[in-house]
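Notes for the one structure printed next.
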Amino acid sequence: MSGIAGFLDKLARIVGSAHVLTDPDQLEGALVEPRGLYRGSARALVRPADTAQVSAVVAACAEARTPITPQGGNTGLVGGQIPIGPEIVLSLKRLNRVREVDPLADSLIVEAGVTLAEAQAAADAADRLFPLSLPSEGTCTIGGNLSTNAGGVAVLAYGNARELATGVEVVLPDGRVVDVLSKLRKDNTGYDLKDLFIGAEGTLGIITAAALKLFAKPKSRETAFVGLASPERALALFRSARETFGGGVVSFELLPRIALDFVLRHARGARDPLAGPHPWYVLVEFTSQVAAGLAEPMTEWLAGAAERGLIDDAAIAASGEQRAAFWLLRESISEVQGVEGGSIKHDVSVPLGAVPDFLTEASAAVARRTPSARVVAFGHMGDGNIHFNVSQPIGADKQTFLADWEGMNEVVHDVVAKYQGSFSAEHGIGRLKRELLLRKKNPAALDVMRAIKATLDPLGIMNPGKVL
């Protein structure tokens, strides 16, 4: 047996024939990403069970010069997990063990295929908190979270995925295993290799396990949904929150009225929390290690904000169910935009103080290009990360609108650049922003990135066509 058949037979001997899938129906789910922007092809979907099998599969692919696309939960939004083809899709889903929970060291060691929800549950069972929080947490995996340096709604208090890991285990493009799976908070023994692979989107190696930071579970939590007049007032409210509650401000999410209208129209169970409409809203959440007493300070803070004219109305969650109802409004925005037609999406960040001006200027730039387009700009105002999405005009042809994706990107990203911002805040580069990276990134920085890629992956087999 020779050629591709012989190669696939070799992989089957490593992982078992049941875990080398070539039937088109079995491959289908791994070849398209959630928004349908990218569809790929692959010779096979290979499902190793542990790090040793990943290592052997990668070594075999290197020997055969066969490209590999690593894949976790397939929830990424920039196409980084979709093969260009024909190549091997290497699924990490069977690497799903929780290896260790160490509450004394506030550490959790999990394999790459453990879902974010499972990691959260493992921490919770040890009376600890793993704070990374994403709408896709039931499906996305820790390996994917780290490979894309995922953000989410708690970055303000706990940081991105990169800041929540103390170590990783990685299979290099030649099959060797780099074990820097350390629980240590301090380790200055040379280069910090984990940060080389976190955020690299599988282009330098495959993360197979990670040591994650745990935290004490908050003993009290208060959540409020606030109506106000403008992003300028939202920024002033955020500064007031930080001055009053310090590190207790966990989330500070900005929503425009149009986003709330979309959700109220299309999301089951969604209800307007306030008596009347407002141009903008903030969803703010505080936590404390004190078991009681947070509710009164929050109420006083909101009352003071109202007296100073920062806010027009507010509702404080009186129960876990009401808190969940508030978060439903925020977390449903991306999904319901699809019901409203085509949406050109931007995951950008600007310095915090520039958020209001950025929103004004970028909205004006969109209006000049497509006068009836609907700007749906929302997101993590507390860390400057705005999902500046543009929905098609009412009654417009979806495909005609989406055909202007690059042109719309250009006008929005020009405003981002004016404020020294980033065109990729938390979703990564993948395939969607690869050409944009080449145009916008500092040339010297690109040279360093290419040198690292060439050193670790000289054959170019690791997630080809992504990032660089």
Check on LEU77, in contact with a Ser or Thr (Cβ under 7 Å, 6 or more places away or on another chain) and not assigned by TED's automatic domain parsing to the domain that holds PHE197: no
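A quick yes/no check of all residues on (1) closer than 23 Å to LEU228 by Cα; (2) in contact with a helix residue (DSSP H, G or I) (Cβ under 9 Å, 6 or more places away or on another chain):
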position	(1), (2)
ASP313	yes, yes
GLY320	no, no
ARG323	yes, no
TRP327	yes, no
ARG330	yes, yes
GLN337	yes, yes
SER343	no, yes
SER372	no, no
VAL376	yes, yes
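Matching residues to (1) crowded, with 19+ Cβ neighbours inside 10 Å; (2) assigned by TED's automatic domain parsing to the domain that holds LEU352; (3) within 30 Å of ALA354 (Cβ to Cβ); (4) not small (Gly, Ala, Ser):
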| site | (1), (2), (3), (4) |
| --- | --- |
| LEU184 | no, no, no, yes |
| ILE206 | yes, no, no, yes |
| LEU212 | yes, no, no, yes |
| GLY227 | yes, no, yes, no |
| GLU243 | no, no, yes, yes |
| GLY247 | no, no, yes, no |
| SER251 | yes, no, yes, no |
| LEU255 | yes, no, yes, yes |
Residue under evaluation VAL32, criteria (1) closer than 16 Å to CYS61 by Cβ; (2) in contact with a Phe, Trp or Tyr (Cβ under 8 Å, 6 or more places away or on another chain), criterion not met: (1)
Near pairs, Cβ below 7 angstrom, 6+ apart or cross-chain, from the stretch 321-344 (over 26 Å from ALA396 (Cβ atoms)) to any residue that is among the charged types (D, E, K, R) and at pLDDT 95 or above: ALA325/ARG271; ARG330/GLU253
Helices (runs of 4 or more DSSP H) completely within the stretch 362-468 that count 3 or more residues being in contact (Cβ under 8 Å) with a residue 40 or more places away in the chain and under 23 Å from ILE258 (Cβ atoms): 398-402, 405-418
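The values are calculated or read from the model by the stated rules, or taken from the named source; none is laboratory data. Note that this is a predicted model, so its numbers are computed, not measured. Neighbour counts run over all protein chains shown; Cβ positions are idealised from the backbone, glycine included.
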